[in-house]
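What follows is calculated from the coordinates using simple rules that are stated; it is not laboratory data. Because the structure is predicted, anything quoted here is derived from the model rather than measured. Quick reminder, even Gly has a Cβ in these numbers, built from the backbone with ideal geometry, and neighbours come from all protein chains shown.
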Amino acid sequence: MSGPNSTPISDSLFSSEAVSSPESLGRVERDAVKAAKAQLVSHANEWGIDPTQYQASEAIDGVAGMSTVRFTQSIDGVEVANSLLAITVNKVGSLLSYTKSISDYSGPSQASISKTEAIESMKSKLANDLGITKDQVLVSNIKLVIVDGALVDNVPSGKYLAWRASTSVLNDATSISTTYLSEDGQRVLSSLPFIRGITADPFVCDLQVDVATPGYVLPPGVTMDINNNRYVNIAAGGQGMPLCGLNTFGLNGPNTEVGKLNIIKTWDYFSSVLGQDINEEKYLGNIAPTVNGDATPRISAFIDICATNGTTGSCPYANAFWVPWTSTECASGACSAIFLGKNFDHADDVIAHELAHGVTFALAFSSAMADNSETAAISEAISDVFGEAMDQLSVAPGEVADPAWTMGEDAQTGGYRDLQDPNVSKIDKNWAPGDSHDNSGPVNRLAFVLANGGKIGKVKIKALGSNANSVTKNDLCEAPGECAGTVRMSQLVFAATSNLTASANYFDFGKQLMNACSTFVTNGTAGFKKATCKNVGDALKAQGFTNLKVSGMTKLGKVAKMTDTIITANVSGSTGSPVVGQEMQLQVKRGSKWKTVATANSDGAGVVGFTAAWNNSATYRIITKTNGGVFATNGKSAKVKVS
């Protein structure tokens, strides 16, 4: 009989699996973090991990009693940047799914320079790169981390120590970045800006209010021109960005009610549909007693802003954005706020979009990203999806129907983009890297079809539940029982987001969406059956999220009998991005049939490898087929001749 004795080259560092039935701890454990930790210890050998390396960083309560606990990896006390082990458990602590994206770094744990020296080096090198003085560079939250090129975008490949910090240029908020410096301080490895926004009772301030209560003063970062127009200096940076608080000019002005109502509507959506309190400090709530005058977490918003970069101004400001910044003013060490140009407070979907950036920043996208990256496109899309879902589910009296799911139609005639027919509608041969607001389209279109039903090409996709025409036939979610599809789509996207890494690509999003669906089925979540997940898989396929390619497989040719050989191949998605953590199979042809002889997961570079010793000549190939065949491809075969 021909064929090899085969094994994977190494244990997988990247994998994701939804279990077919809940795996019990043997007891009821209702504390999600304790349950997840217990599952981690119980499955450590199976998952190939050292449980002492993982610390819980976030507990995310989902629907139907499910919770996802995200863990960060540390090796010898040093955090692995962008590492993730996410464990989802049900209400009694049984395992539903897990995702891991970790490192096997084995080098030193101490840098060759001190933190103080690293700060000075980072300032000097950034100043030189930017053509400014060292005093103009601000560095905060610096720490020594392990960088694995498979986990962090836009850094040199390999596994090594580096200094990571938040950096910005004095008087330039748009420069707020995550910067990595080599551990010896000799070079900047990467410096990327955070992505921002769209081209209980919140604090909302009207920056142009005519009459202010005596004693109110302009907050830091706000200036005034000769016509009494008040500007947010978007080049202020750091502590120069303002927070709206009890003693802030324009708080609760007569024109703030619409903006406040729309923020509360967003809170209601995240609370009632997704089970999240976005007022919590881990999301959007600022605790800044010296600034906003309150010890309760509050969302901060400014409406009707004019904006200046310190040189030129825009009044009124025709945009909106959310931004985080490091500051001792806030108890958590970081503040955040949304800033809305004229009439943007009337666009509830834009407000929800911006606030959603704060939520997804807390969940997954806390690392900086290039605007033309797939990660940035996914970040923008998820904000679009939550923003528009909130808009559809929150029907105001007299509201005009928006069947195309248009973003920003209440701020600008025609809006900015729609989810039904986006500029970039799917991932195909015509897709190219570009602006994240355009490349958000494939996710947006997917979400729209899952919520409402429709066709993608010739493929008919069923809605995940009732839509806006199930009862009233008027494209408005205003009758009891309508728009369950939008609710379930929202829950599915949130669950997928909770398991994404900070460098996720389209394939990762599709994989986590399928895993989330399977997890919902295992948990018995209302509205989710096996047929539901087949429908989701069909939509993902039609949109191009599941396309795979196996290339560059090792061609062995002639080999000695029972001598170890190494077979590797590259696994990529439809955009050419590496497919990470995908279970692959080495197969050998026996007669007219193919037999799987070994399995292994693709690594952080999208490479899968096997070691094989051959008894006889054979034909072999590498394939994959997971999630019920949703993610599947067959690589080209090759022959090995045993001499």
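Dipole of the chain computed with +1 at Lys/Arg Cβ and -1 at Asp/Glu Cβ about the Cα centre; of LEU363, SER314, GLN585, farthest Cα towards the positive end is GLN585.
Computed about its Cα centre, the charge dipole of segment 381-424 is approximately 60 debye, with only Lys, Arg, Asp and Glu carrying charge at their Cβ.
Dipole orientation for the chain: of the candidates TYR269, ASN372, SER114, ASN372 has the Cα lying most toward the positive pole (charges on Cβ; Lys, Arg +1; Asp, Glu -1). Both the radius of gyration and Dmax for the chain are 25.8, 94 Å, in that order, over alpha-carbon atoms.
Placing unit charges on the Cβ atoms only, positive for Lys and Arg and negative for Asp and Glu, gives segment 196-358 a dipole magnitude near 300 debye about its Cα centre. When the helices of the chain are scored as -39500 (n - 2.57) per DSSP H run of n ≥ 4 and the total is divided over every residue, the value at 222 nm lands at -7000 deg cm²/dmol. Charges were assigned to the Cβ only: +1 to each Lys and Arg, -1 to each Asp and Glu. The resulting dipole of the chain about its Cα centre is roughly 3780 debye. Secondary structure note: in segment 196-358, about 60% of the DSSP beta bridges are antiparallel. Of the cross-linked pairs LYS511/LYS549; LYS426/LYS458; LYS265/LYS462, which ones have a Cα-Cα span greater than 19 Å in the structure shown? The pairs that break the limit, which is 19 Å between Cα atoms, are LYS265/LYS462. Projecting the Cα atoms of HIS353, ALA64, SER518 onto the charge dipole of the chain (Cβ charges, centred on the Cα centre) puts SER518 farthest toward the positive pole. Treating each Cα of segment 31-101 as one equal point scatterer and applying the Debye formula with no solvent, the log10 of I(q)/I(0) at q = 0.15, 0.17, 0.28 Å⁻¹ comes out as -0.43, -0.55, -1.33.
Based on every Cα atom in segment 364-544, Rg and the maximum pairwise Cα distance Dmax equal 15.7, 44 Å.
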